[in-house]
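The values are calculated or read from the model by the stated rules, or taken from the named source; none is laboratory data. These numbers come from a predicted model, not from an experiment. Heads up, the Cβs are rebuilt from the backbone with ideal geometry, glycines too, and the neighbour counts pull from every protein chain shown. Accessible surface areas use protein heavy atoms only, side chains included; no ligands, DNA or RNA. Shrake-Rupley method; radii C 1.70, N 1.55, O 1.52, S 1.80 Å.
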Amino acid sequence: FNQSATCSCTFEVVECVALSNCARFETIFVLEEQQQQTKMDIIQNVTQLTDITGRYLTAYRLQQQISSQRTKSSSLLERAGLTTWLDLPGAVDTQSNLDNNLADKQCSEIISLAQRLSSMDGALNLSSHLGFIAGGLAPRPNRPDRKVIFRPYSSRDAHILLQLKRTVEVVSVVDREEDGLESGKRSKNSRGRIKTLLDGALSAGKAARNEDIVPEIKQLKEYGSDGTPPKGVADVVAQAAIEKAVQPSVESCVARLTAMETADDITQLRQRVNEIASSLSQDSQNGSRLTKMANELLHQ
């Protein structure tokens, strides 16, 4: 993606997964910047580029999947229930290599799809969003006009927890030999970010339905699994669930992600220091001493 002559970035998708059910279709990516020519005064454009990358990557793959099975009389943008269709057995093409040579019509469809998609980034935003989904507290994109009613005893609403567990099992992660450290890329410490996000969401979803953690939900027990409690009561209980279950889980998740990032930075710094120490001395013994001294200082 090249937004201007002063800011261009190349990204690699190192982790990805799709969360799809009757209420939503969401893709989660971990993007790693491969090449960068960015001036400090426009560094905020990188965030904008990641937003564009995520939306257009999703739109591109959606368009390619539909194109592989579409009928001549049906337009992609006229299809109803696009994401529901992708949930059908055998609907997703995982065997053939998708063609990168796009016709004008395909490009137009990708742009139209990308413009319809919304995105977010950052550990706090993503963790909060997934925590609300797992807790049954998030708005449903398929019913934007319907107010969310918190129903912690609903088996239907709790089904999202099983869906999240299954999603964790199919997270795709790039595997590199020697962790890619020689090229300055992230190490294995940085992998598992999406799993950490989904595990945090599961923790939030379970806690929001736990009477010991959120005793206020007992007020809704009389309405059972299928009943809908009064909105006023449900709103009060929902706020308690957010404060006692979702927010602590989000904070824990963000802390874990931050620790992963810090460990990665330390690994890269240590490698760089070792390279410098080795270059300063042609003598292997002196080089080993410098490396050992540098590592001791880093450990402190």
Residue count, the stretch 228-247, condition open to solvent by less than 60 Å² (accessible area, probe 1.4 Å) and either acidic (Asp, Glu) or touching a residue at least 24 places away in the same chain (Cβ under 8 Å) (or both), comes to 10
Restricting attention to the stretch 169-205, report how many residues are modelled with pLDDT under 90 and either open to solvent by 30 Å² or more (accessible area, probe 1.4 Å) or touching a Phe, Trp or Tyr at 6+ places or on another chain (Cβ under 6 Å) (or both).
20
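I need a count of the residues in the stretch 116-155 that are of a type in the set (D, E, K, R) and touching a Cys at 6+ places or on another chain (Cβ under 8 Å).
Matching residues across the stretch 116-155 total 0.
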Within the stretch 90-110, is there a residue that is at pLDDT 90 or above, open to solvent by less than 30 Å² (accessible area, probe 1.4 Å) and of a type in the set (Val, Ile, Thr)?
no
Note: among Leu137, Leu130, Leu126, Leu162, just one is modelled with pLDDT of 90 or more, hydrophobic (A, V, I, L, M, F, W, C) and surrounded by fewer than 19 Cβ atoms within 10 Å (Cβ to Cβ), namely Leu162
What about Arg256, is it farther than 25 Å from Glu26 by Cβ, part of a helix (DSSP H, G or I) and either open to solvent by 40 Å² or more (accessible area, probe 1.4 Å) or at pLDDT 85 or above (or both)?
no
